1. How many residues, within segment 53-88, are under 18 Å from Leu178 (Cβ atoms), modelled with pLDDT under 80 and of a type outside the set (Ser, Thr, Tyr)?
2. Considering each residue of segment 85-119, count those that are out of contact with any Phe, Trp or Tyr (no Cβ under 8 Å at 6 or more places or on another chain), over 13 Å from Pro171 (Cα atoms) and either free of Cβ contacts under 8 Å to residues at least 24 places away in the same chain or among the β-branched types (Val, Ile, Thr) (or both), and give that number.
3. Looking at segment 802-834 only, could you name the residues that are assigned to a strand (DSSP E or B) and either farther than 17 Å from Ile1069 by Cβ or hydroxyl-bearing (Ser, Thr, Tyr) (or both)?
4. Quick check on my filter: what residues within segment 54-88 are more than 16 Å from Val416 (Cβ to Cβ) and in contact with a Ser or Thr (Cβ under 9 Å, 6 or more places away or on another chain)?
5. Please specify each residue of segment 462-482 satisfying the condition of being touching a residue at least 24 places away in the same chain (Cβ under 8 Å) and loosely packed, with under 13 Cβ neighbours inside 10 Å.
6. Does any residue in segment 992-1010 that is touching a residue at least 60 places away in the same chain (Cβ under 8 Å) come within less than 6 Å, Cβ to Cβ, of a residue that is in a loop (DSSP other than H, G, I, E, B) six or more places away or on a different chain, and which pairs are these?
7. Out of everything in segment 632-666 that is closer than 18 Å to Asn540 by Cα and among the hydroxyl-bearing types (Ser, Thr, Tyr), what residue ends up being modelled with the lowest pLDDT?
8. Please go through (1) loosely packed, with under 14 Cβ neighbours inside 10 Å; (2) at pLDDT 65 or above for Glu406 and return the number of the only condition it doesn't satisfy.
Amino acid sequence: MSPCCGQTEEPVSKHNNSRSCTDVFCLSIFGIFWGLLIFVAAFAIVIGNPTRLAYGQDSFGNTCGMKNEELGNMTFSGMDMTDRPYLFFLNMSNLYHSLKICVKKCPDRNLWTENEIEDFESTSGSHLCRYDIANFKGRSALYPVVKNETVDKYFLRVEENNGHYACPKLPVLATKSLFKRCVPLPIANFAGDIIYSVYAYLNSFDTIQQVVSDIYAVRIEMLFMVAVAILVSIIMVVLIHKLASFVSWIIMVIASIACIAGTCVLWWTYVDIKWQLDSTPFNQLLSESVQNEQTFLVYSILATIFTVILLLIVLVLRKRVNIVVLLFVEAAECIKSMPFILLQPVFTFIALACFITFWIFVLVALATAYYPTKNRIENPLQLTSPAPFPENFTGTFAPVPVLEEEQVLNKAFTLVSFTESSWVQYMWWYHLIALVWTSEFILGCQQMVIAGSVATWYFSKDRNNLPRPVLKSIANLIVYHMGSVALGAFLITLFKIPRIILTYMISFMKKHQEWKCIAWCLKCCVCCLWCMEKCIRYLNHNAYTIVAIQGIGFCTAAREAFDILASNALQVAMINSVGDFILFLGKCSVAAITAFFSVLLLKNDPELHFYAIPVILITIIAYFIAHCILSIYEMVIDTLFLCCCEDILRNDGSKEKPFFGGKLVRYIKGYDGHSLQPLNKDAQRIPLRTTQIELLPSPNRNGEECDHQRQQLPQRGPVATFTLRKKPHLTSSWLSFLRSSDVIDDYIVEGIVERTSCDSLSNSQGFYLPHHAVIRIDKTTSRLRIVFDGSAREDGQLSLKQSLYTGPNLHPNILELLLRFREYPIAFTADVKSAFLQSELDLPDREFTRFFWTDDLNSDPYVLNFTRVLFGLRPSPYLLAATLKHHFKKYKEQYPFELLNSSLYVDDLIGGQNDVPNALRTTSECLQIFSDAGMLLRRWRTYSRHLNMLWQQEGVETEFSDTSAVDLRPPIKVLGLAWDSERDLIYFDLKDLLKFLSRKIESKRFILGVVGRIFDPIGILGPFVIKLKCLLQELWTLGVDWDSELPPKLLHKWQMWSSEAENLTEIKIPRYYIGELDKKIIDF
């Protein structure tokens, strides 16, 4: 057992309240690590000076634009440069060896003579000579004017050789401020070597220093863009919370638009930079500008590739986003019950902002943690007896009196430069590890708090009155589980840091062509490390959830989480592929919007070296912020999934052990062997009668058909509203039905219907199905049902039913099937649960099954369409039969193959066997065959009590599993005939016929309607029905109109027949016709 893996490897009991500290050793290691980090930070802050990067420093160790401290007793150090922010080079043609001084203002015009320099100094107040020089004509106190012309020429020649001019070398060209440095403006007649020298010097700046300088220079703008990222992320959260049912579509649209806009801005920026570089002379190009061009070209290409891939994925998943609607709705309900959980990203952001601010400050300090080095410059006569600097020089620019020649010859001054110690480089790596480990630790704390809160909510019976679950979860984290979070964060760091190192090595090896093989091997290693990092990160999320629920160590929790994920791989794949992708799109939207505005904000800032670097840094920070905020829903969804899996393992849905999850449990269990999944991968095509089917009503290209359809909705509305107003009890039921929308919600969860839009038709063809409520007063439950009308049409248009072929009849003959049903001693029947919804419709055909739906009567309707074969359409029986026969071909060698082919009528299985063992075997194999297709054969019925008992032992779902009285059970129908399975008799159910006869209408039309309601395929009622048919024949012979009164003689026959119809209930015959025949014969 590793000391970082907690105190025990044995899992504790579920939801144990007696928690103890977990992974204490890892927490101790993390504390020691932070102690060393504080030492590094203290060193960097004491030694470093970030302003050196932003403002530059002169040759004497003074930083321009600020007050400086004296460096020992060196000449010109410790001067107050608060009003002199710009760095000026006295020798533009040799910048590496030129003296640098701080000035108030850069020369804004060309200065060709000494007098022009004096005029510029007098008008601008910007002194351009060394600090001890009173004016251009006067020499330094170190080198006063020597009257010997030979010695004077020697001074000038030495200054020209070493570049240490006391005053600027003429001519002084017009300059501008670039990175707080005075840089000459491009002039056609200007000496090319001077321009080359200036830009070569600027190009020689250390890249890391320039990057850090840019970050420091735009710190205010970065904070502003961080605020923008927070605002956009909060808007995303509000959209998910308020519009959970169709937020997937909103996020996909926003992400697509944001990525397209961001890509266009990047290309526009690249073209603009390239145009400016093309118009700039070659010797005036800065490497920063060239690198900006190359960087934005890379950004633009990568953004284009990313956008194209993202749009393709959105296009593929647009039909499947609704399968995670319930997860978003359930997550919204959870957050609604615990609104304080929304503040967790705020706390996380504050913690991250404080840490990153601290980290960046230390980073900048490390970048300037250099030691000053001295370079003593002797006088040109190389005398060795230095005299002290004149006491009357105070660092001002007042004229200095001329000294005696013997004093002058001993004067010297000291140049100051800063160098980096080699051991400082190792602190960079330590600082990088601190960034990764601590950031992951902060995010892990948020995940642990959310996981504990959601688990408390899920396993609570009263979810609306929880006693401060978030605060309790925070307390558990601080007191017990910070070590587990530190261990999880370290595991991610363990894979990320080597990946960063290998990535740096790969970039280094690009310069050496002979190392290509090694570079490719390193790339493979980077890829493997990246995959491992993602796996560990995902496992960490779930391990934190188990730690929060059960209070166990990290390693034990990770193992248990892995077992749950492995045993529910299908659901995990679904959540990751769709649910997490939607949240990823939300994060990309925030990053793209922030990047869009950051490019516009920083593009024209002249003070930046590589403004591409701040842009990408802002984008990364924005994505990081969005991840912190939107990870609420990601963590809530993952936690709900794990809680639901544990709920299913611990409970069975009975009264003693009810499920806590409700709809969510049904959602998860919907992916087991009895799920409503398409039977086969070959989607079924609707047999269209014509290819000229138009929308109802006809569409146009502007999407007005959707608005027209909404206007047509109230045409049936008043009738339904009038009916409901007359029946208040049904009105409340209908409103409750609309609010709950269990049927439609379940359809969406199971993928039976999906959300679509009015303007998504592929070929301007489709159909909107009207639907209405059907009231069944005789039902004790579900008295209101939704019925879709495929017969509706407009004038001059075809209805959906009229536009479809029926297809060939693939079902067995009803008479043969019923005779076979009576042939076996042991008969049984069953039906397929939701059979038509098992066959998937091809994508183009789904546009013909659209309909409008609304969550309540006050909301605007939205569009849904079916993804499965819809019951009631003409080709539906054919499509179902073809799908089943396609599936049965896999089982030709098995026993029940012939039975299934010959005994299945639509979704009813009607079969039999000679004895109970064979019947039980047939049942088991049929169940397995249908289960392989994701179907469930249910409501099994038989006359044999022995077989029924064996079914119950095997867990087979029978028709009557309760103990209700036999006489109160509704009759079992077998292809329209009633079957008394207790006595094994078949008879004619008169309930509907007698109800129709009670209307007592005496006309030919009514008699024909009675004949049509008598379904007697095996001739049980033949002697009685023939009388009515003969009566109808006589009416036709006499030419009686449809609704005219019957002649007296025929009226009497009709009344006699009607009175005898009530006795038809006495006609019952044995189902097994080879059995006993001593039944009572009814005389007609």
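1. Residues in segment 53-88 being under 18 Å from Leu178 (Cβ atoms), modelled with pLDDT under 80 and of a type outside the set (Ser, Thr, Tyr): 3 in total.
2. The total comes to 1.
3. So in segment 802-834, the residues assigned to a strand (DSSP E or B) come out as 804, 826-832.
Within segment 802-834, Leu804, Ile826, Phe828, Thr829, Ala830, Asp831, Val832 meet the criteria.
4. Taking segment 54-88 as the starting set, the residues that turn out to be more than 16 Å from Val416 (Cβ to Cβ) are 54, 65, 67, 80, 82-86, 88.
Hits for segment 54-88 are Ala54, Gly65, Lys67, Arg84, Pro85, Tyr86, Phe88.
5. Asn464, Leu471, Val479, listed by residue number.
6. So the pair list comes out as Leu993/Arg1013.
7. Tyr633
8. Of (1) loosely packed, with under 14 Cβ neighbours inside 10 Å; (2) at pLDDT 65 or above, only one is false for Glu406: (2).
The values are calculated or read from the model by the stated rules, or taken from the named source; none is laboratory data. Predicted, not measured: the structure shown is a model, and the values here were computed from it. When we count neighbours, we look across all protein chains shown, and the Cβ atoms used for this are built from the backbone with ideal geometry, even at glycine.
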